[in-house]
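In what follows, a single structure is set out as structure tokens and then discussed.
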Amino acid sequence: DYERAQEALANGDFRGAADLLATFSQTYPGSPVAADAAFIRGQAYEQLGEMTNAARGYLDAFSTDPEGPIAPQALTRLGKSLAAIGQQRDACVTLGEVAVRFPASDQVLEAQSAMRNIGCN
């Protein structure tokens, strides 16, 4: 299921990928790739322009494995998604957490850039 969803995303079938990943997350909640699946689900929704669902995917990815390898990118994408749905204050707080939690990550610059773009103080 996970591999089929990755293929769907790679082929531009964002709705199919999102649906497959939602099913995967419900079917295999403790899966070792649960955080990755949630992140990819967020990407699929982002491509569809469904930013609220994208934010949920990124939040799930971060919450599933807050210290894992995908966590800094999930937190950055969550912040950007929150900004896109008009939740600027939450976006700024979330993006600010990237440098606090993951100071050595390459996502720090991305998060700081996003903070400047949305006007965080």
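The values are calculated or read from the model by the stated rules, or taken from the named source; none is laboratory data. Keep in mind that what you see is a predicted model, and the values were worked out from it rather than measured. Note: ideal-geometry Cβ built from the backbone for every residue, glycine included; neighbour counts use all protein chains shown. For accessibility, only protein heavy atoms count, side chains too; no ligands or nucleic acids. Shrake-Rupley method; radii C 1.70, N 1.55, O 1.52, S 1.80 Å.
Return one whole number: the accessible area per residue of the chain in Å², for a 1.4 Å probe.
Numbers: 6480 Å² over 121 residues.
It amounts to 54 Å² per residue over the chain.
State to the nearest 20 debye the size of the charge dipole of the chain about its Cα centre, where the only charges are +1 on K and R beta carbons and -1 on D and E beta carbons. Mind showing how you got there, number by number?
Working: 9 positive and 15 negative charges, 86 e Å.
Dipole size: approximately 420 debye.
How many nm is it between the label spots at Arg89 and Asp13, if each spot is 7 Å from the Cα in line with the beta carbon?
About 4.3 nm, to one decimal.
Below 12 angstrom from the Cβ of Ala10, what's the summed charge of the other residues (Lys, Arg +1; Asp, Glu -1)? Show your work: numbers first, answer last.
On the way: positive: Arg4; negative: Glu3, Glu7, Asp13.
Once all neighbours under 12 Å are counted, the net charge is -2.
Using alpha-carbon pairs under 8 Å, 6+ residues apart, how would you state the relative contact order of the range 74-121 in percent?
Values: 49 pairs, mean separation 17.7, N = 48.
This gives 37 percent for the range 74-121.
For n ≥ 4 DSSP H runs only, could you compute -39500 (n - 2.57) per run for the chain, divide by its residues and tell me the 222 nm figure to the nearest 500? Don't skip to the answer; put the middle values down first.
On the way: 7 runs with 92 residues, N = 121.
Rounded to the nearest 500, it is -24000 deg cm²/dmol.
Restricting to DSSP loop positions (anything but H, G, I, E, B) with no more than 12 other Cβ atoms inside 10 Å of their own Cβ, which chymotrypsin sites (Phe, Trp or Tyr not before Pro) remain in the range 1-98?
Numbers: sites: Tyr2, Phe14, Phe24, Phe39, Tyr45, Tyr58, Phe62; in loops: none.
When the chymotrypsin sites (Phe, Trp or Tyr not before Pro) of the range 1-98 are filtered for loop state and at most 12 Cβ neighbours within 10 Å, nothing remains.
With the contact rule set at Cα under 8 Å and sequence spacing of 6 or more, what percent relative contact order holds for the chain?
On the way: 173 pairs, mean separation 19.5, N = 121.
Computed value for the chain: 16 percent relative contact order.
Which whole-Hz ³J(HN,Hα) couplings does the range 49-60 yield from phi under the Karplus relation 6.51 cos²θ - 1.76 cosθ + 1.60, θ = phi - 60°, glycine and proline marked x?
Taking θ as phi minus 60°, the curve returns x, 9, 5, 5, 5, 4, 4, 4, x, 5, 5, 4 Hz for the range 49-60.
Return one number: the angle in degrees, 0 to 90 and rounded to the nearest 10, between the long axis of the Cα atoms of helix 107-118 and the longest principal axis of the Cα atoms of the chain.
Result, in degrees: 70.
For the chain, which whole-number percentage of the solvent-accessible area (1.4 Å probe, protein heavy atoms only) is attributable to carbon and sulfur atoms? Intermediate results must be reported in sequence, preceding the final value.
Numbers: 3080 of 6480 Å².
Accessible surface attributable to carbon and sulfur in the chain totals 48 percent.
Where does the charge balance sit around Ala35 when Lys and Arg score +1, Asp and Glu -1, over other residues with C-beta under 9 Å from its C-beta? Could you put the intermediate results ahead of the total?
On the way: positive: none; negative: Asp36, Asp60, Asp65.
Within the 9 Å Cβ shell, the charges total -3.
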